[in-house]
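Here, each number is a calculation from the coordinates, and none is a lab measurement. Just so you know, these numbers come straight off a predicted model, no measurement behind them. Counting neighbours? That spans all protein chains shown, and the Cβs are built from the backbone with ideal geometry, glycine included.
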Amino acid sequence: MPKTSYFSFGFGQKNHFYPGSYVKIITDSYEKNREEMIRRYGTEWSMQYDGEKGREIVEKWDWIEIK
């Protein structure tokens, strides 16, 4: 079953495009999602939110997805 993670960026990090931005990654595990985020952006990001809780946070704060 696919697992979805939402990754946010911290202020002042080189990959912080604009406030409220996030990256969504879907693989078959939360660990692989983290590995993919690190492959794409290194360690210059802030938080990993998984599953339904992550979707709720993104919607609550009206974040914009970086594709």
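Using alpha carbons only, what's the Rg to Rh ratio of the chain with Rh from Kirkwood?
Working: Rg = 11.1 Å, Rh = 11.8 Å.
Value, to two decimals: 0.94.
Taken over the alpha carbons of the stretch 21-60 as equal point scatterers, the Debye sum produces base-10 log I(q)/I(0) values at 0.16, 0.22, 0.24, 0.32 Å⁻¹ of -0.38, -0.72, -0.84, -1.25. Fewest-first ordering of Glu65, Glu44, Glu36 by other beta carbons within 10 Å of each residue's beta carbon gives Glu65, Glu44, Glu36. Once you list every other residue whose beta carbon is under 11 Å from the beta carbon of Tyr6, what net charge do they have if Lys and Arg are +1 and Asp and Glu are -1? So the surrounding residues net to -2.
Roughly how many debye, to the nearest 20, is the charge dipole of the stretch 1-59 about its Cα centre, given +1 on each Lys and Arg Cβ, -1 on each Asp and Glu Cβ, and no other charges? Could the numbers behind the result be given before it?
On the way: 9 positive and 9 negative charges, 36 e Å.
Roughly 180 debye, rounded to the nearest 20.
Tell me, what is the FRET efficiency for Tyr30 and Trp61 to the nearest 0.05, using R0 = 22 angstrom and their Cβ-Cβ distance as r?
Details: r = 21 Å, r/R0 = 0.94.
It comes to 0.60.
Can you show me the helix-derived [θ] at 222 nm for the chain, built from DSSP H runs with n ≥ 4 at -39,500 (n - 2.57) apiece and divided by the number of residues, rounded to the nearest 500.
Numbers: 2 runs with 23 residues, N = 67.
Calculated at 222 nm, the ellipticity per residue is -10500 deg cm²/dmol.
For the chain, the antiparallel share of DSSP beta bridges with both residues in that region comes to about 85%.
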